[in-house]
1. Regarding region 64-71, can at least one residue be identified that is touching a residue at least 24 places away in the same chain (Cβ under 8 Å) and loosely packed, with under 15 Cβ neighbours inside 10 Å?
2. Sort out which residues of region 257-276 are among the charged types (D, E, K, R), open to solvent by less than 80 Å² (accessible area, probe 1.4 Å) and either in contact with a strand residue (DSSP E or B) (Cβ under 8 Å, 6 or more places away or on another chain) or within 24 Å of Ala203 (Cα to Cα) (or both), and write them in order of number.
3. Output the number of residues of region 250-268 satisfying the condition of being within 24 Å of Val416 (Cβ to Cβ) and not aromatic (Phe, Trp, Tyr).
4. Could you check how many residues of region 111-154 are hydroxyl-bearing (Ser, Thr, Tyr), modelled with pLDDT of 90 or more and part of a loop (DSSP other than H, G, I, E, B)?
5. Name every residue in region 381-397 that is closer than 13 Å to Leu244 by Cα and open to solvent by 30 Å² or more (accessible area, probe 1.4 Å), in order of residue number.
6. Could you please find all residues in region 154-200 being open to solvent by 40 Å² or more (accessible area, probe 1.4 Å) and among the hydroxyl-bearing types (Ser, Thr, Tyr)?
7. Go through region 122-140 and report how many residues are of a type in the set (A, V, I, L, M) and surrounded by fewer than 19 Cβ atoms within 10 Å (Cβ to Cβ).
8. Looking at Leu410, Leu352, Leu324, can you tell me which residue is exposed (fewer than 15 other Cβ atoms within 10 Å of the Cβ), at pLDDT 95 or above and out of contact with any Leu (no Cβ under 7 Å at 6 or more places or on another chain)?
Amino acid sequence: MKSEGIEGCERFFSPGKGRGIRATKHFKVGDLIFACPAYSYVLTVNERGSHCEFCFTRREALSKCGKCKQAYYCNVECQKGDWPMHKLECSAMCSYGENWCPSETVRLVARIILKQKFQSDCTQSERLLALEEFEAHLDKVDNEKNEMNQTDIAALHHFYSRHLDFPNNAALTELFAQVNCNGFTIEDEELSHLGSAVFPDVALMNHSCSPNVIVTYKGTVAEVRAVQEINPGEEIFNSYIDLLYPTEDRNERLQDSYFFTCDCKECTTESKDKAKMEIRRKLSTPPEPEEIQEMVRYAKNVIEEFRRAKHYKTPSELLEICELSMEKMGSIFEDTNVYMLHMMYQAMGVCLYMQDWDGAMKYGEKIVSPYSVHYPPYSLNVASMYLKLGRLYLGLGKKTEGVKALNKALSIMDVVFGKDHHYIAEIKKEMDEHET
């Protein structure tokens, strides 16, 4: 594959993991290792009107597409820049009106197919790995996932057949499997979902539960920064999953989505598992191992139940699920237990949605300290929790607490986003406004 490569990095064969990326020079904490523009991307439907469809800038008074009146842009330049991709959806949305409802994955795959039609050379997103080299793991896909892929293929045909020439079904099956294994969700500074994208060079990094880099986003560009010292010859590791959970749970998630088991130091030593699975100290008799396992099974089930319930239950019903599950788990688990924290985080989200600021603040205060223990240093999850809390405090007139929390968020964000990121400037502006 002809490519100019990335300065400071090289593609190599990683024993036991296959291909990966290693450093060819020294990187210190906070260094930008490389940036990768999205090969293809879509803004999530929920953010239409608040973010530009082309550059993902968040601003008020965006201009809407005159034809479909669904896509919004900063200006004429952004609208023109997006037109090669947007014209695909624009016509389809006009044809289907309110019945236009493909999933985000379907929308992303449609754009990839369109791009592949007119893009034959390797792009700036593929300096180390071409999109066509993505692993699909079709031999490991179970019936449920295969059915979901076929449903997506049917939706692709339904919504885009008038506007797009498709490869055959086998090629589409492989493409959807590749996107499901290698796609990324673009998130903002509070970890709210903005869209979906493929970043081939970023996808080349292997996983570790103690990663030495972190991926953040500047518009539709992924930025990879060091969160540990990295020496020449060392492999560069990202994390594919939320690192809150204990080893067994993390590996179930990795196996389910990426078809491998992690053997990093964190997984082999299980050094954080005891703290993550903290049992109540003041119980008259300690619970038996079987009781703990039963409660873990309950916790995993309620997490899945809540995920489904978000689509059809009211906020007050969702809050009730959280409160009842915490009451039950609290008979064995300490508040710092990660399964308790998971449901507190969901409850906080519901409170924010309901504009119950005091309720959200109380949950946030319980979450933030254990998060700092359970997550690795320079964690986006910890930064976003301090950020949410800081903004809540300022909104509730608690200026001292607000500024303190925002400063803690900034100390992490300076490293993971870089000091020149617009998120940093926005937060400093918020703090200045409360000083005056």
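1. yes
2. Answer for region 257-276, where residues must be among the charged types (D, E, K, R), open to solvent by less than 80 Å² (accessible area, probe 1.4 Å) and either in contact with a strand residue (DSSP E or B) (Cβ under 8 Å, 6 or more places away or on another chain) or within 24 Å of Ala203 (Cα to Cα) (or both): just Glu266.
3. Result for region 250-268: 9.
4. Start the filter on region 111-154 by keeping residues that are hydroxyl-bearing (Ser, Thr, Tyr), which leaves 120, 123, 125, 151.
The next check asks that each one be modelled with pLDDT of 90 or more; those that pass are 125, 151.
Add one more test, that the residue is part of a loop (DSSP other than H, G, I, E, B), and what stays is 125.
Qualifying residue count for the region: 1.
5. Taking region 381-397 and keeping what is closer than 13 Å to Leu244 by Cα, we get 381-382.
Within region 381-397, Asn381 is the sole residue that qualifies.
6. Selection gives Ser161, Thr185, Ser192.
7. Within region 122-140, residues that are of a type in the set (A, V, I, L, M) and surrounded by fewer than 19 Cβ atoms within 10 Å (Cβ to Cβ) number 3.
8. After applying the criteria, what remains is Leu324.
The values are calculated or read from the model by the stated rules, or taken from the named source; none is laboratory data. Quick caveat, the model's predicted, so the values are computed rather than measured. With ideal geometry, Cβ positions are generated from the backbone for all residues, glycine too; neighbour counts draw on all protein chains shown. Ligands, DNA and RNA are stripped out before the accessible areas are found, and what is left, the full protein with its side chains, is counted by its heavy atoms. Shrake-Rupley method; radii C 1.70, N 1.55, O 1.52, S 1.80 Å.
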